[in-house]
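Working notes, beginning with the structure itself.
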Amino acid sequence: MSKLKSLFSIILALYSIHLSAGVLKGKVTDTHGARLPYATLYLEGTTIGVTTNGNGDFELTVAPGLYKVVCQYMGYEPSSFNVSFIGNETIEHTFILKDQSLDIKEVVVLASTEDPAYPIIRNAIKKREYHLEQTKSFQTSIYFKGVARSRKMPEKFMGQKVKDETDNIDSIGKGVLYLTEEDADYYSDGGKEKTVIHSVHESGNKSGLGFSRFPPVITFYENDVPVLGKESRGFISPISDNALYYYKYKLLGQFDDHGHTIYKIRVTQKRNYEACFNGIIYIVDGDWAIHSLNLTLTKQSGMDLCDTLSIDQLFLPKEKDMWVIKSQVLYLAINLLGFDITANGVAVYNNQKVNEDIPDSVFAGRITSAYDKAANKKDTAYFTNNRPVPLEQDEVRDFVIKDSLVKKFESPAHLDSLRRKKNKFKPIGFLLSGETFSSKEYKNTYTLNSVLIGLNSENMLNYNIVEGYNITPKLTLRHMIDTGKYLFANVAARYGFSNTHFNSVARLYVMTRDRKWLNSHWIYGVEGGKYVYQYSPENPVSEWFNTYSALLYKQNDLKIYERWDAAAFLAHNYGNGLNWFLKADYQQRLPLQNTTDYSFFKGDDGGFGNNAPPHLVQTATAWVKNDAALLHATISYKPGFTYTQYPDYKVANGSAWPRFTLTYDKGIPGIINSVSNFDKWRFFIRDEVSLHLLGILKYNVGCGGFLNSAYVSIPDLMHLYGDRGIGYAAPYLQSFQMAQYYDFSNKEPFYGEAHAEYHLNGLLSNKVPLLRQTGYYFVFGGNAFYARQSDYYTEAFVGIDNIGWKLVRTARIDFVQSWDSRMGHNSGIRFSFALPSPTGINKGILQSEW
């Protein structure tokens, strides 16, 4: 019994030692007492350590033992402190770092006019690929803290109050806007990556999930450094293969760091508005590896998303000739429209493992990010005990204030008060953007389209020469049946004051989302009624543009007919890149005639042509009142999807593969009075390819045709998506900017179609004086259609994209030149604005014609 007690005592003692942990805390300053933010402290001989916060405070927790703690900060001499912990005591220490004393020693160079930095950089360039590829696999734990702060903001923006009671912002607009901290493990092996988030704490959001993927370790061993993500244009590394063409270098000196000679080199871009960094890079002698860096991007570097973006990195030696990331700090600042905002993301890496085996199970299921089941349910004590970067005072206050207000702001009474406030009728919104109203707990939501030009919905009042002035109210009802299950009712009415026709149509459908896989859903429903439609189901003519051109220029491009409809449809999105849509439809088509030639100005009526253009009438089998029984099927697939596994559900991230789409339409004769008899197909491939520093290539190519064209009515023809309006561009990569509406409609057995755009993203515009300061980009491309020698259309364009200011860059303008088999040569200007996508009942997943 005594032996068992002794054994139990030993186990208990060992367990007590394991639980004991000493704490070294304090601050890091320079010799003048100024705090040093984001300095790195680590245990010598390991890569385990912490980082100071923005005020230079640190807190390092270690097991009992004797340690040498090293403190490093770029531009200062390292300092060390020997400390011994017996139990769970707390020891305070201030690291005072001296300015780095740099030696300028004789360096052998090839030419006396060359700065000594150049041979060092050449050696680093030679070893760039070696250091890039020496890490076959990598594992590390990560602590990440992201915070956005406002230094100034206006009281109101576009007439709306900016601040509300949920914000931790003072009277001058200063305070924390967003704050999150996360604890995770990261794995990479070849092209495979995975992040496992163990805990996350988002200020003021008890169910917040922060970032599923942290800012990646930005590797300057890549020629093209994707600071803004893998799909971005990227920026040229100071040690890229061609870096000497873009950068100037100056050796500022050298110093010794635990047996390694480190060169401090200033890098400066040779020419403004090149995609280059400016700042300091430290290179290890002999290894020619990056020791640390502080590099910045500004407007002169081609940045247009923010004013400044800075990157700090520190590496530690893992083994001979191998340095691993220890910390990374991203800092950005933007001043726009009265908002002065800064943000930073601090990542601390510990327990790094290089080229060690990673089980295949880690990368199973193409999941790139996964959350522990209780990742966002851990209490504040978890981070208090595991936080390697102490919180700053305003961050502590932000967590306390916002977390304490969560219950109030998430209470049913508060949410209902917000709902009632949003439900107030706003005349300007009703005129320009439509109105939305919600019932209690958002059980029901009602949306009505706008009266005039709709910024996010179709406008209600229009004019054309068939109906004259017409009014088209459209109402959407969304009813929540259950979590993830909704009933939608869409109703549209239309009255033409010249032809005195009244039409109405309705759709009723159910959308059921998979609660465990948010991208996966079913849709099934019915629709019916009588309404007015364009001949092309793509609706190429904007009704409010047609109103403008008809009333001011006597140019009416809108060609319409009436149709009785009865249809049923079924759609399924699997959430993995595959989706399909089926629709069975019975229609009765009713031709319409012009009933007015009214315009604001007198003049030639040449633009007021027949509502049924002669070419369409000649191409179709017949254009008279007719019935049509129709089947439509679409299947679309984009392979290569990856996923994020949140605590309770999975979400698709996207894919780098193209999307493949096949559609098939069949007219079935003999059903009731149906005379339609055709088989039509289309197959398209669409993608965007990042060329990094060379820009982005976008394309949409395909083919189609009629396998059978025994009876093809005008709405069933293959219609080119033309655009001969007043200058506003039709949707890119699917339309033809100068093609006359319906001139190339056909029922050919086979045709080809291609759309391509090359966005240079600053590649040439940064060489053009004045233009390079604006941040505008060149874009080149073309669109082509070919059915036969006497039926083709081609156009090429050159344009300027990214027009705007800072984050607001929504405009584009193109000069287009066309060649075709009918009109010969044509040219014109097209412009566009990337406004919010329409949310009216005729848009969205069903892509209805009305």
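The values are calculated or read from the model by the stated rules, or taken from the named source; none is laboratory data. It should be emphasised that the depicted structure is a prediction, and the values quoted were computed from it without experimental measurement. A quick note on method: Cβ atoms are made from the backbone with ideal geometry, for glycine too, and the neighbour counts reach across all protein chains shown. Side chains included, ligands, DNA and RNA excluded: accessible areas come from the protein's heavy atoms. Shrake-Rupley method; radii C 1.70, N 1.55, O 1.52, S 1.80 Å.
Within the stretch 793-810, name every residue whose backbone N is under 17 Å away from a label modeled 7 Å from Cα of ALA756 along the Cβ vector.
Only 793-799 pass the distance filter.
Grab the alpha carbons of the stretch 264-335, take their convex hull, and tell me the volume per residue in Å³.
Dividing the Cα hull volume of the stretch 264-335 by its residue count gives 83 Å³.
Before anything else, pin down the relative contact order of the stretch 416-510: Cα pairs under 8 Å, at least 6 apart, normalised by residue count, whole percent.
Working: 203 pairs, mean separation 17.9, N = 95.
Reported as a whole number, the value is 19 percent.
Hey, any idea what % of the chain's accessible area is carbon plus sulfur with a 1.4 Å probe?
Whole-percent figure for carbon plus sulfur exposure: 59.
For a paramagnetic label modelled at 7 Å from the Cα of ARG397 toward its Cβ, which residues of the stretch 176-196 fall within the zone defined by backbone nitrogen distances under 17 Å?
What the label zone holds, given the 17 Å backbone N cut-off, is 176-179.
Relative contact order for the stretch 215-307: what percent, with Cα pairs under 8 Å and sequence separation of 6 or more?
On the way: 173 pairs, mean separation 17.0, N = 93.
Averaging sequence separation for qualifying contacts and normalising by length gives 18 percent for the stretch 215-307.
Report the label-to-label distance for PHE255 and TYR574 in nanometres (one decimal), using points 7 Å from each Cα along the Cα→Cβ vector.
It works out to 5.8 nm between the two label points.
About the Cα centre of the stretch 218-343, what is the dipole size in debye to 20, counting +1 per Lys and Arg Cβ and -1 per Asp and Glu Cβ, all else neutral?
300 debye
Per 0.36 nm of contour for each residue apart, how much would the distance between VAL689 and LYS320 grow if the chain were fully extended, relative to their Cα-Cα spacing?
Between VAL689 and LYS320, full extension yields 129.0 nm more.
So what is the relative contact order of the chain, in percent, for Cα pairs below 8 Å that sit 6 or more residues apart?
Relative contact order for the chain comes out at 8 percent.
Taking the Cα centre of each part, how many Å lie between the stretch 388-402 and the stretch 238-274?
37 Å
Using just the alpha carbons, could you tell me how many Å³ per residue the convex hull of the stretch 583-720 encloses?
About 254 Å³ per residue, rounded to a whole number.
Within the stretch 560-601, which residues have the backbone N less than 15 Å from the label spot 7 Å out from LYS485 along Cα→beta-carbon, could you tell me?
Within reach of a label on LYS485, which here means backbone N under 15 Å from a point 7 Å along Cα→Cβ, the stretch 560-601 contributes nothing.
Out of the chymotrypsin sites (Phe, Trp or Tyr not before Pro) in the stretch 199-250, which ones are loop residues according to DSSP with at most 15 other C-beta atoms within 10 Å?
When the chymotrypsin sites (Phe, Trp or Tyr not before Pro) of the stretch 199-250 are filtered for loop state and at most 15 Cβ neighbours within 10 Å, nothing remains.
Rounding to the nearest 10 and keeping the result within 0 to 90°, find how far the Cα-based axis of helix 412-422 lies from the longest principal axis of the chain.
In the chain, helix 412-422 runs at an angle near 50 degrees to the longest axis.
Quick check on the chain: helices-only [θ] at 222 nm, where DSSP H runs of length 4 and up contribute -39,500 (n - 2.57) each and the sum goes over total residues. Nearest 500, please.
Working: 11 runs with 100 residues, N = 850.
Mean residue ellipticity, 222 nm, calculated: -3500 deg cm²/dmol.
Report the full-extension gain for the segment TYR524 to THR90: residue separation times 0.36 nm, less the Cα-Cα distance, to one decimal in nm.
The span from TYR524 to THR90 would gain 149.8 nm if fully extended.
Can you pull out the trypsin sites (Lys or Arg not before Pro) in the stretch 179-262 whose DSSP state is coil and whose Cβ has at most 16 other Cβ atoms within 10 Å?
Of the trypsin sites (Lys or Arg not before Pro), the ones in loops of the stretch 179-262 whose Cβ has at most 16 other Cβ atoms within 10 Å are LYS206, ARG213, LYS230.
Select from the stretch 750-841 those chymotrypsin sites (Phe, Trp or Tyr not before Pro) which occupy a DSSP coil region and have at most 16 other Cβ atoms within 10 Å, ordered by residue number.
PHE750
So if we plug the beta-carbon distance of ILE428 and ASN335 into 1/(1 + (r/R0)^6) with R0 = 30 Å, what FRET efficiency do we get, rounded to 0.05?
Taking R0 as 30 Å, the efficiency between ILE428 and ASN335 is 0.60.
Cα to Cα, under 26 Å, and not fewer than 8 places away if on the same chain: which lysines meet these conditions relative to LYS136?
LYS126, LYS127, LYS192, LYS194, LYS230, LYS318, LYS320, LYS326, LYS353
Could you tell me the calculated FRET efficiency between ARG213 and THR445, based on Cβ-Cβ distance and R0 = 22 angstrom, to the nearest 0.05?
It comes to 0.10.
Compute the length gained on full extension between PHE497 and HIS825: take 0.36 nm times their separation in residues and subtract their Cα-Cα distance, giving the result in nm to one decimal. Before the final figure, lay out each step's value.
Details: separation 328, 0.36 × 328 = 118.08 nm, distance 3.91 nm.
That works out to 114.2 nm of additional length.
In terms of Cα to Cα distance under 29 Å, which lysines are near enough to LYS666, apart from those fewer than 8 places away along the same chain?
Cross-link targets: LYS530, LYS559, LYS583, LYS625, LYS638, LYS680, LYS747, LYS843.
Roughly how many Å² of TRP522 are accessible to a 1.4 Å probe, to the nearest 10?
TRP522 has an accessible surface of roughly 100 Å² with all protein chains in place.
Along each principal axis of its Cα atoms, how long is the stretch 664-776 end to end? Whole angstroms, biggest number first, please.
67, 31, 20
Which FRET efficiency, nearest 0.05, do LYS806 and ALA374 yield, Cβ-Cβ r, R0 25 Å?
Computed FRET efficiency for LYS806 and ALA374 comes out at 0.05.
In nanometres, what is the gap between the two model label sites at ALA63 and GLU155, each 7 Å from Cα along Cα-to-Cβ?
6.0 nm
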